[in-house]
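Down below is the structure, laid out as structure tokens.
Every number in this text was worked out from the coordinates using simple rules, so none of it is lab data. Owing to the predicted nature of the structure, the values given are computational and were not obtained by experimental measurement. Quick reminder, even Gly has a Cβ in these numbers, built from the backbone with ideal geometry, and neighbours come from all protein chains shown.
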Amino acid sequence: MSEKHDVTGVPTTGHVWDDSLADFANQPPKWWMLGLAASAIWVVVYWLYYPSVPVPSSNTFFKGIGGWTAIKEMDADKSEVDAVRGKYEAKLKNMTPAAILADSELTEYVKRSGKVLFGDNCAPCHGTNGVGAKDKDGLVAPILNDDDWLYGGQIDNIHTTISGGRQAVMVAHKDSLSAQQIDDVANYVKAMSDEGKDKADTDSAVAAGKKVFMESDCTSCHGADAKGMQAMGSANLTDKIWRFDGSLEGIKRTITYGVNSGDPKARIAIMPNFKEAGKLSDSEIKKLAVYVYKFGGGQPDLPVAPVQATVAQPAASAVTATK
Amino acid sequence: MLKYLFAKNEDIPAGSAAIFWGFSSIVWFVIGTGLGSFNAAKLAFPDFVTGNEMFAFGHMRQVHVHAVIFGWISMAFGMAMMYITPALGNTKLWSEKLGIWNAFLWNVGLSLGLTLLWIGMTSGREYSDFPWFIDLYIAVFMAVPLAINVWMTVLTRRTQGIYTTNWFFAAGVFMVAIVFIVGNLPEWFHLTGLTEAYLTWWFAHNVLGLWITPVAAAIAYYTIPKVTGNPLYSHRIGHLHFWSVVVFYSTPAAHHLMSAPLPEWLKSFASVEGVLILVPAIAFVSNIMLTMQGKWNMFVENLEVRFTITGVLLAIPLNMQGGFQQTRAINWYVHGTGWIVAHAHLALLGFSTFLEGAAVYLGLQTLMKRKLYSLTLGNMHFWMLLIGFSIYWTSMTIAGLIQGAGKIYEVPYIDVVIAEHPYMIARWLGGTMVFISNVIWLYNMWMTAREGTVVPAGRLPHEIAYER
């Protein structure tokens, strides 16, 4: 059968395919066969070490001489981590968030694990590090690294917000107010933010709006001073911080359709209840409360000691940055 | 081509079926990579085309994957089989008419299946997403006729032996039918839980391991000896390659489920099979490399050889990754990250696409007896494909390592998303480059059919590539 190839002198198999195609009768190179043998040895070793061969009649399998199981490996990894974290976690369990804040070592620990919790649970709405995230309707959720708080910035307020969720309602005014009234009051609200409340009150251009504000239902939530009430989460309208779009058009939309009012065009502002959803444990919520507090905007508990008041001061500069 | 659907078999010119398959495959390649580029844009720019569920990533990804696997890769294989199988048997294709009907039904069925996936009708199982009746159609009207034609051509050959390439082709069409029928059992019998997961991945992996990988390798066994004129280095290594693929690579499916509650012995079994892919891979690569002795100049000069050898060289990193990334020690790090996406594209867009490209370039020129319209455009296609793929692979591998680190070290997910954003943009650039190169290829092949220089009788297209 075989014939010598005219150039190399190695015999071919003697076949010719497709007019010109032939193949040599070469044996595999020695290094190749050695590699094959080595891999066969490796297979045997691997199978001896790990659980490998099933034994169908007894419904079990050869467990491997290494005694390896996935559960054992996971437990070993977990205990390594727990050895580091365990002592802190045990302490955390029975402490209030305020007590954690008072312990600087614990606060440092909580800030680090809080970063992961915040990133996975909070950052999608509040933005990485609480700087806020925006979609086409504006801010998705309040900015957390300033010192302006809808529901209060004391450690217990923050803890309550995270564990219980928040869902305020501002009713739609498209039926109770005329288009002209909405225009007027929106102008007044914008003037309060732009010029300050005192100046807006004396500004004759927005006097009509002030009248609507004082005589309709605005004051019942935002207060006669328009500074909002933290108990119900109504916004302070006299500062330059806007939860929703602060342009004239944006303000008109908020007034017309409300917030969480059920109207299809209403603004949506829902903070989920993380405790009820089973998403976060008690310790994790405490950690997050401390972590958020430590963004810089946390407010000390009353009564205010003079020293603590200055601590909160640097955060105020962040307010202008978030405009 | 459609005029031959109702012609008598003997009236159809030899090679018509292969040409039909070849052009279909290129069109699907353009569509498939276009969809890929679109999907990559969605991942790089989240606000790109929103508000319509048909263009959502979940829908479009399935269409992309199936357009590429069943359109481009499988139809290019069909082309290679219609052309190479008879050539190696010194005979004609058993039935040109069956071949043309097969390609026609393939295009119709695939268009229908992809449309259903597009509008959201899916089985929801990765890589076997088609609904059950499309799976049935694929088995009966697409896979079986191809198998019959290949087997009958091999059986009616006019040579004494069967050449290496045809072992793989004949085995490939046989194995893919089994893989398809068994792999879709969960669909047909509503199997659930781990059984479903295992069979789904048994299908997904064996489509690669018993269909795409061996058939793509078989193309190199033909093109390299044929174009260089060197006899294949070793018939015996070809044997080792063939049997080690069939034996060692039959059931590595569980290595996709290393974190699932499957029996540990099954994972060990699959993991070992995964590493043993190195045996056929090294056999294949060394056989082709040794065949190239004395003809390495053709790697530079000849387009088909360059495509083939690039594909063969890419088999090395492919199998190094594939062999080791599924072992317990490495899988926990890379599982579920962009690393795997890069690896899948190394297999399909790297290794196998370059080999199929060689077959389609060589086959269409030979069968149409026309020289490539523009070698410059051919070279452009090659380089844009290679560079685009390299950008894709590199960026996704890096993104995968970042994701792996994020997963292990409890980095907040959103931070990982931000960190990998530049690599997502790079992936989109690479993918778009691949898409553009394929548009160039389609134009080049179309012009070859219309205006390519006629190859004189007794000569091969690559022999006159540089003649004006």
Subject >> Alpha-carbon centroids, segment B:97-137 and segment B:257-312: separation in whole Å >> reply: 29
Original post:
Given a cut-off of 18 Å, what percent of all Cα-Cα pairs of segment A:211-271 lie beyond it?
Top reply: 36
Original post:
Does anything in segment A:168-184 have its amide N under 13 Å from the 7 Å Cα→Cβ label point of A:D263, and if so which residues?
Top reply: A:170-183
Original post:
If you add up the charges near B:N302, with Lys and Arg at +1 and Asp and Glu at -1, over every other residue whose beta carbon is less than 14 angstrom from its beta carbon, what do you get?
Top reply: 0
Subject >> Whole-Hz couplings from phi, Karplus 6.51/-1.76/1.60, listed for segment B:364-374; x for Gly and Pro >> reply: 5, 5, 5, 6, 7, 6, 10, 6, 3, 4, 9
Original post:
How big is the convex hull of the Cα atoms of segment B:377-436, per residue, in Å³?
Top reply: 52
**OP:** Compute the long axis of helix B:57-66 from its Cα atoms, compare it with the longest principal axis of the Cα atoms of chain B, and write down the angle in degrees, 0 to 90, nearest 10.
**Re:** 30
Subject >> Computed [θ] at 222 nm, helices only, for chain A once each DSSP H run of length n ≥ 4 contributes -39500 (n - 2.57) >> reply: -14500 deg cm²/dmol
Original post:
So how many Å³ per residue does the convex hull of the Cα atoms of chain A work out to?
Top reply: 357
Subject >> Dipole of the protein assembly as shown, positive end: most advanced residue of B:Y373, A:S79, A:I255 [Cβ charges, Cα centre] >> reply: B:Y373
Original post:
Taking the highest mean first, how do the peptides A:270-279, A:257-266 order by number of other beta carbon atoms within 10 angstrom per residue?
Top reply: A:257-266, A:270-279
Subject >> Summed side-chain charge close to A:P272 - residues other than A:P272 whose Cβ falls under 13 Å, Lys, Arg +1, Asp, Glu -1 >> reply: +2
Subject >> Under the Karplus curve 6.51 cos²θ - 1.76 cosθ + 1.60, θ = phi - 60°, whole-Hz ³J(HN,Hα) for segment A:225-232, x wherever Gly or Pro sits >> reply: 7, 6, 8, x, 10, 5, 4, 10
Original post:
Could you put A:D23, A:D146 in order, starting from the residue whose Cβ has the fewest other Cβ atoms within 10 Å?
Top reply: A:D146, A:D23
Subject >> Gaussian network model of chain A, Cα within-10 Å springs - most flexible of A:M33, A:M232, A:M192 >> reply: A:M33
Original post:
With Rg and the Kirkwood Rh both taken from Cα atoms, where does Rg over Rh land for segment B:319-468?
Top reply: 1.16
Subject >> Volume in Å³ per residue [convex hull over Cα atoms, computed for segment A:73-199] >> reply: 182
**OP:** Evaluate peptide B:411-419: per residue, the Cβ atoms of other protein chains within 10 Å of its Cβ; return the mean as an integer.
**Re:** 5
**OP:** Could you work out which residue, out of A:L288, A:L34, A:L280, moves most in a Gaussian network model of chain A, that is, has the largest mean-square fluctuation with Cα springs under 10 Å?
**Re:** A:L34
**OP:** Evaluate peptide B:248-255: per residue, the Cβ atoms of other protein chains within 10 Å of its Cβ; return the mean as an integer.
**Re:** 0
**OP:** Mind computing the radius of gyration and Dmax over the alpha-carbon atoms of segment A:130-310? Å is fine for both.
**Re:** 17.5, 54
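How crowded by other chains is B:291-298, given as the mean number of beta carbons from other chains within 10 Å of each beta carbon? Before the final figure, lay out the partial values.
Numbers: counts 3, 0, 1, 2, 0, 0, 0, 0.
Mean partner shielding for this stretch: 1.
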Original post:
In chain A, what percentage of the DSSP-assigned beta bridges are antiparallel, given to the nearest 5?
Top reply: 80
Original post:
To the nearest 20 debye, what charge dipole does segment A:1-91 have about its Cα centre, counting +1 at the Cβ of each Lys and Arg and -1 at the Cβ of each Asp and Glu?
Top reply: 720
**OP:** List the residues whose amide H sits under 5 Å from the amide H of B:L232, counting only those 5 or more places along or on another chain, with H placed 1.01 Å from N in the peptide plane.
**Re:** A:A22, A:D23, A:F24
**OP:** Using only C-alpha positions, report the orientation-averaged shadow area of the convex hull of the protein assembly as shown, nm², one decimal.
**Re:** 44.4
Original post:
Rounded to the nearest 20 Debye, what is the dipole magnitude of chain B about its Cα centre when Lys and Arg each give +1 and Asp and Glu each give -1 at the C-beta?
Top reply: 1260
Original post:
According to the Kirkwood expression over distinct Cα-Cα pairs, how big is the hydrodynamic radius of segment B:120-279, in Å?
Top reply: 17.2
Subject >> Convex hull of Cα atoms in chain B, direction-averaged projection (nm²) >> reply: 21.9
Original post:
Assigning unit charges at the beta carbon (Lys, Arg +1; Asp, Glu -1) and nothing else, what dipole magnitude in debye, to the nearest 20, does the protein assembly as shown show about its Cα centre?
Top reply: 1660
**OP:** Consider just the alpha-carbon atoms of segment A:1-109 and return their Rg together with their Dmax, both in angstrom.
**Re:** 31.8, 93
